Structure formats: C-alpha cells, structure tokens
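S.K.: Quick one: this structure, given as structure tokens, is what I'll be asking you about.
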Amino acid sequence: MGSKFVQFVCLVFLLVSIVKVGAQPAVFDVMNHGGVADGKTDNSKVFTDAWNQACQNNGGGVVLFPTGTYFVEPVVLYGGCKGPIGVQIEGTLLAPEELESSVDIDHWIAFQYVDNLVINGGGSLDGQGPSAWPFNDCLKNPQCKRLPTSLRLDFVTNASIDRITSINSKNVHINIFASQNITISNIKISAPGDSPNTDGIHLGSSHNIQILDSVIATGDDCISFSTGTNNVNISGVRCGPGHGISIGSLGKVDGDDVSFVDIRNCSFVGTQNGVRVKTWAPSEAGTVSHLNVENIEMDNVENPIIIDQQYCPSRSCNAEEFSKVQIKDVKFKNIWGTSSTKYVVTLKCSQTSPCQEIELTDINLNYNGLEGSGVSACSNVEVEAYGQQTPPACTEKIIM
C-alpha cells in the first residue's frame, strides 16, 4: 500500500507540474504585431490587437513593449480573458498632445472588467500633461471639459501595478474605480508642484487596496479617496510635492463612506497637507471611520494633521454652513517632524456632526517660524490625547 501511495502522489505531482507548465502565459511582443518605436507612429491599434490575442490565448498572455518610445492614442482594453493577462512596459508610452485626444475624454490607457491583471516592466507612461493643463479651469468655468487620466482601472479584480513610472499626466495619474484586490507597489509618479489636478492615485468605490513603497511628487493629492472605498493599506510612500494624502472631499451625495484605512511608515516633504480628511460645507450625510495614521514623518508641511469639515474651494459651496458627514474612530499615532505654518494640528469638525473618538498619541511636530510656537487648534471634536503632545493638544478653539 505504501509503494502504491507514493506512486500515486508522484503521478499527481507530475500532472500538476504539466498543468502549470502548460499554463505559462505567452508573450505578445508589439514589435511582432507592427509596433513602431519612433515616438511618432500611433501604436494604439497594435496595442489593442496584441492585447486581444493575449486575452484570448488559453493560459493567458503578456503584451510586451520592449525598450523604445511608443506613441499611443487613447485606448480601452477589455477583459473576459482566458487566463491571467499582463502588460510589460520596458520602454516609454507617449500620450498625444492634440486637443481632440486630450480634452473632453476621461482616459488615455484604460482597463475595464479585467481579472488577474499585471502591469509592470520598469518602463514609463508619459502623459505630456503641459499640452492640456491650460484647459484645467473647472474651479472657474462650469462648462469645463474633462481631461484624461493616464491609467484607469475600472471594474478590475486581482491586479497589480509594479515598477512603473508615470510622468506629467494631463489629469489624475492612476485612477482605480469599482475595483478590488489591487496592489500598487514600487511606482514613481512625477509632475510639477503647480500642475493642476494631477493627483497621483485616486481611489473610488474600491476595496482591498494596497499602495506600497512608492514615490509620488505631483501638483495635487498624492493619494485621494472618494466615496465607497474601504480596506486600504498605504505603507512606505514618500509624498512631495503635492497636497498630501486626502480622504475626500466627501458629502456631495448622500451616503458617502470611507472606512478601514491604514496609513503608516510614510513621509511627507514640503506638501500642503500631511494626512487630511475633508468634507464639503454644506454636505449630505456620510461617514469616515476606522482611520489609522501611524509612524509618519513630516518635513516642512503646511498642515501636518488636518480635519476640515468646512472644505469650500469653489463658488458652489457655502463655508458658513455645516457638514453632515460623521467622522469617528480616527487615530493619529507617532507623528513627528516640522510644520511650515503655526497651525500644526487642525481639527475643524462640524457643528451638526461633531467628530467622535479621535485619538492623538505621541505627536511631536514643531514650528520654528516667526509666529511663535506651534498650535493645536480644535472645534466640535471629542479628543483623547496620550503620550507626548508637541504642541499640547487642542489648546486653541477654532471660531466657526
């Protein structure tokens, strides 16, 4: 019986090995599908054709962009694949500058309804943003046009983006919408500090997201959250320049919710904010809960810790009214470094929905400017303070 059992185990192992070998994804090199790496010839059809062949290949496939510069018009790549699917970018993909491909369109490269997707290769996405940034006037112009996100993942599951650089997006660099089980790691995002709305990574209606070991320098939020996003882990991110990591803005529609977000072991350098929660005033009802911010270094940050429930950057809101978004169970722990403004900690919560269960533990943030010592200012908030508190917690009341 023992000998027959060993033979059976060996046979099973052999069959599993054969299946695994047979399931290795094939490589679809765009150069074998008519690709031209001259930075001028449009490769969007080549990209789509190679993707479709890889997608329909039994066992999966990988679309390969070797070293070189590939001009690519906007594309949408769909799922329904017969195996895991990948895009390996070793060169540079170059976005168009023409207005017809840059204004009133929401994407440059988009993936929709894809399962088991890997995007990697060490290459770059160059969005050629300066050609479109002058058209980003939505704060002033109610008839403003959409601008394209460089990389969109819509309704994508079980995906990873690793070792990719995104340069000068026309709008958001990476947008994750209605997706789950996504890991973004070892990426670099770069745009000038004054480039408009060039958020690094934007998350909406998505779950189980990890953003790890990445460098984000941009003109807006390094990472931003919109409603319906939960179970997010952010670790090892360096942010700056930019507007920091922002939960919100929330409250535009009823039921906005962001929950179970863990931000730790990150650094912020010269940013407008560190970690910020922002809600519109006035707003519809919603919640932000179970937010943990831990082991964070601030270097010359304007607002290292901020909750702003009177967020009102444009003409369409009223800063004299109040938010209905409930913020609760938020923990800031072991936050250190320097602030470029006097107001080191700002907890400006709503009169109608005061913040609940806010904890400040081991806060050591210094301001060495001309306005004296740093201040921790609060309003409409239930705060528990533990350990070191520099500055002392909530010593100044914000007049609403």
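The values are calculated or read from the model by the stated rules, or taken from the named source; none is laboratory data. All values derive from a computational prediction rather than experimental measurement. Positions of Cβ are backbone-derived with ideal geometry, glycine not excepted, and every protein chain shown enters the neighbour counts. For accessibility, only protein heavy atoms count, side chains too; no ligands or nucleic acids. Shrake-Rupley method; radii C 1.70, N 1.55, O 1.52, S 1.80 Å.
S.K.: So which of Thr157, Thr165, Thr149 is under 20 Å from Cys222 (Cα atoms), at pLDDT 95 or above and surrounded by fewer than 19 Cβ atoms within 10 Å (Cβ to Cβ)? I'd like the intermediate steps shown before the answer.
M.R.: Numbers: Thr157 fails: under 20 Å from Cys222 (Cα atoms); Thr149 fails: surrounded by fewer than 19 Cβ atoms within 10 Å (Cβ to Cβ).
Residue meeting the stated conditions: Thr165.
Every residue, every condition in (1) among the polar types (S, T, N, Q); (2) open to solvent by less than 30 Å² (accessible area, probe 1.4 Å); (3) closer than 22 Å to Asn136 by Cα, yes or no:
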site	(1), (2), (3)
Ser224	yes, yes, yes
Thr229	yes, yes, no
Pro241	no, no, yes
Leu250	no, yes, yes
Gly255	no, no, no
Val258	no, yes, no
Ile263	no, yes, no
Val269	no, no, no
Gly274	no, yes, no
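S.K.: Right, next: The conditions are (1) at pLDDT below 95; (2) over 30 Å from Arg146 (Cα atoms); (3) open to solvent by 40 Å² or more (accessible area, probe 1.4 Å), and Gly59 fails exactly one of them. Which is it?
M.R.: Checking Gly59 against (1) at pLDDT below 95; (2) over 30 Å from Arg146 (Cα atoms); (3) open to solvent by 40 Å² or more (accessible area, probe 1.4 Å), the one that fails is (3).
S.K.: For the stretch 349-356, indicate whether the set of residues that are open to solvent by less than 10 Å² (accessible area, probe 1.4 Å) and either touching a residue at least 60 places away in the same chain (Cβ under 8 Å) or among the basic types (Lys, Arg) (or both) is non-empty.
M.R.: Filtering the stretch 349-356 for residues open to solvent by less than 10 Å² (accessible area, probe 1.4 Å) gives 349-350, 355.
Next, only the ones that are either touching a residue at least 60 places away in the same chain (Cβ under 8 Å) or among the basic types (Lys, Arg) (or both) stay: 350.
Yes, the stretch 349-356 has at least one match.
S.K.: Residue under question is Lys170, and the condition is that it be open to solvent by 60 Å² or more (accessible area, probe 1.4 Å) and of a type in the set (Lys, Arg); does it hold?
M.R.: no
S.K.: Can I ask one more? Taking the stretch 217-243 as the region of interest, how many residues are over 15 Å from Val261 (Cα atoms) and either in contact (Cβ under 8 Å) with a residue 40 or more places away in the chain or not in a strand (DSSP E or B) (or both)?
M.R.: Of all residues in the stretch 217-243, those over 15 Å from Val261 (Cα atoms) come to 217-222, 238-243.
Okay, now just the ones that are also either in contact (Cβ under 8 Å) with a residue 40 or more places away in the chain or not in a strand (DSSP E or B) (or both), so 218-222, 240-243.
Summing the residues that are over 15 Å from Val261 (Cα atoms) and either in contact (Cβ under 8 Å) with a residue 40 or more places away in the chain or not in a strand (DSSP E or B) (or both) in the stretch 217-243 gives 9.
S.K.: Any chance the stretch 181-201 includes a residue that's in contact with a Gly (Cβ under 6 Å, 6 or more places away or on another chain), open to solvent by less than 30 Å² (accessible area, probe 1.4 Å), assigned to a loop (DSSP other than H, G, I, E, B) and among the β-branched types (Val, Ile, Thr)?
M.R.: Yes; the residues of the stretch 181-201 include at least one that is in contact with a Gly (Cβ under 6 Å, 6 or more places away or on another chain), open to solvent by less than 30 Å² (accessible area, probe 1.4 Å), assigned to a loop (DSSP other than H, G, I, E, B) and among the β-branched types (Val, Ile, Thr).
S.K.: Name the pairs: first residue in the stretch 94-106 and in a strand (DSSP E or B), second residue open to solvent by 30 Å² or more (accessible area, probe 1.4 Å) and not hydroxyl-bearing (Ser, Thr, Tyr), Cβ to Cβ under 6 Å, at least 6 apart or on different chains?
M.R.: What qualifies is Leu94/Asp126.
S.K.: For the stretch 278-291, indicate whether the set of residues that are within 15 Å of the chain's Cα centre (by Cα) and open to solvent by less than 10 Å² (accessible area, probe 1.4 Å) is non-empty.
M.R.: Within the stretch 278-291, not a single residue is within 15 Å of the chain's Cα centre (by Cα) and open to solvent by less than 10 Å² (accessible area, probe 1.4 Å).
S.K.: Return yes or no: is Gln310 at pLDDT below 95, part of a strand (DSSP E or B) and within 29 Å of the chain's Cα centre (by Cα)? Lay out the reasoning, then the answer.
M.R.: Details: at pLDDT below 95: yes; part of a strand (DSSP E or B): yes; within 29 Å of the chain's Cα centre (by Cα): yes.
Yes; evaluated as a whole, the condition is true for this residue.
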